[in-house]
Amino acid sequence: MPEPRNDRNDLILALRWPLVLFALAVLGFLAYRETLDRAGEGARAVGELAGSAADRAQQLAEGLFTGDVTERFVSSMPKVDRSGEGRLEVARAEIVERFNRRDERRMFFDVLPLGITEVEIEVPVTYRYHVVLEAEWQIEVRGPVCLVFAPEIRPSLPPSIHTDRMRSRAQQDLLRFDGAEQLESLRRSLTPRLSERAASPGHTDLVREEARRAVETFVRTWLLDQEFWVDDRFSTVRVIFPDELDTAVGAESAGPVEAPEG
């Protein structure tokens with residue numbers, strides 16, 4: 001007599017392999033998710049570590065540059081020239097200068113006039129200006145700006161007097177016979193008087209911007225030679241002379257410029 005069929009057992013037997021495959025698929029998916037999560041966390045950790053290391057490296061490099069650049073800059077300068085000191089010529093200007101002298105004389109307690117002598121000299125003069133390389137320099141890094149506190153602008157003396165283009169004039173009254181003497185005296189006074197004019201604020205201001213550009217170019221060239229001007233580290237070289245400290249304004253984010261310590 002045949003045994004009765006067990007429908008429940010038949011159903012279990014029929015579904016066992018599909019259930020096994022489904023369970024393996026679920027386990028595989030969970031394992032894959034776990035792997036992705038761990039890989040993501042690892043990548044984030046590596047990225048954060050690399051970013052932190054890069055930040056520290058950049059800060060270290062900038063700190064080293066800021067603290068070391070002035071010393072390197074000064075030590076690389078030429079020591080002396082024929083004048084006995086290292087000079088960087090930064091500007092020149094040719095100006096036509098005029099000098100005149102008027103001499104009036106009297107006798108007998110200034111009652112009797114003896115007449116007037118007037119002389120005038122007009123001469124082109126070339127003024128040259130320099131900064132002393134061995135003077136105090138200070139270079140600071142303020143973001144993308146290389147700020148250069150340069151030495152003062154000085155005249156290179158004596159000025160060059162172009163005597164070949166000199167014009168002179170002497171005018172004297174009938175009782176005066178010293179026109180040539182007065183003219184020669186004025187001519188002898190030219191060098192000291194022109195040296196005094198060369199150092200005057202008015203003449204220095206005429207060449208200030210030319211001098212600034214020359215120092216900017218000098219420092220920029222040095223930075224390139226030293227491979228400091230790399231990776232867009234700087235966008236500007238800014239030069240400030242000692243007499244500009246009270247009025248100089250720093251970069252927009254830096255506020256007023258203050259003289260460096262030391």
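Assess whether residue 89 counts as being under 15 Å from residue 171 (Cβ atoms) and open to solvent by 80 Å² or more (accessible area, probe 1.4 Å). No: the conditions fail for residue 89. Under 6 Å between Cβ atoms, which residue pairs at least 6 apart in sequence (or on different chains) link something in the stretch 109-128 that is aromatic (Phe, Trp, Tyr) with a partner that is open to solvent by 10 Å² or more (accessible area, probe 1.4 Å)? Close Cβ pairs (under 6 Å, with a partner that is open to solvent by 10 Å² or more (accessible area, probe 1.4 Å)) amount to 127/93; 127/159. Do we find that residue 76 is among the small types (Gly, Ala, Ser), modelled with pLDDT under 85 and closer than 30 Å to residue 193 by Cα in this structure? No: the conditions fail for residue 76.
Does residue 141 satisfy the condition of being among the hydrophobic types (A, V, I, L, M, F, W, C), open to solvent by less than 40 Å² (accessible area, probe 1.4 Å), within 25 Å of residue 205 (Cβ to Cβ) and under 30 Å from the mean Cα position of the chain (by Cα)?
On the way: among the hydrophobic types (A, V, I, L, M, F, W, C): yes; open to solvent by less than 40 Å² (accessible area, probe 1.4 Å): yes; within 25 Å of residue 205 (Cβ to Cβ): no; under 30 Å from the mean Cα position of the chain (by Cα): yes.
Considered against the rule, which asks whether it is among the hydrophobic types (A, V, I, L, M, F, W, C), open to solvent by less than 40 Å² (accessible area, probe 1.4 Å), within 25 Å of residue 205 (Cβ to Cβ) and under 30 Å from the mean Cα position of the chain (by Cα), residue 141 comes out as no.
Of the candidates 133, 88, 147, the single residue that is touching a helix residue (DSSP H, G or I) at 6+ places or on another chain (Cβ under 8 Å), modelled with pLDDT of 85 or more and under 21 Å from residue 207 (Cα atoms) is 88. For the stretch 138-151, the set of residues classified as out of contact with any Ser or Thr (no Cβ under 9 Å at 6 or more places or on another chain) and either assigned to a loop (DSSP other than H, G, I, E, B) or of a type in the set (D, E, K, R) (or both) consists of 150, 151, listed by residue number. In this structure, residue 249 qualifies as open to solvent by 70 Å² or more (accessible area, probe 1.4 Å), of a type in the set (A, V, I, L, M, F, W, C) and modelled with pLDDT under 70.
Quickly run through the stretch 172-224 and pick out the residues that are aliphatic (A, V, I, L, M) and more than 27 Å from residue 133 (Cβ to Cβ).
Across the stretch 172-224, the qualifying residues are 174, 175, 180, 183, 186, 190.
Inspection of the stretch 121-137 finds no residue satisfying the criterion of being among the aliphatic types (A, V, I, L, M), open to solvent by 50 Å² or more (accessible area, probe 1.4 Å) and in a strand (DSSP E or B).
Reported count of residues in the stretch 221-234, each being at pLDDT 80 or above and farther than 20 Å from residue 136 by Cβ, is 1.
Residues in the stretch 101-120 that are of a type outside the set (A, V, I, L, M, F, W, C) and open to solvent by less than 100 Å² (accessible area, probe 1.4 Å): 101, 103, 104, 113, 115, 117, 118, 120.
The residues of the stretch 161-198 that are open to solvent by 60 Å² or more (accessible area, probe 1.4 Å), assigned to a loop (DSSP other than H, G, I, E, B) and either touching a residue at least 40 places away in the same chain (Cβ under 8 Å) or more than 21 Å from residue 119 (Cα to Cα) (or both), listed by number, are 173, 174, 175.
The values are calculated or read from the model by the stated rules, or taken from the named source; none is laboratory data. Computed from a prediction, not measured in an experiment: that's the story for all the values here. Heads up, the Cβs are rebuilt from the backbone with ideal geometry, glycines too, and the neighbour counts pull from every protein chain shown. Side chains are part of the model used for accessible areas, which takes the heavy atoms of the whole protein and leaves out ligands, DNA and RNA. Shrake-Rupley method; radii C 1.70, N 1.55, O 1.52, S 1.80 Å.
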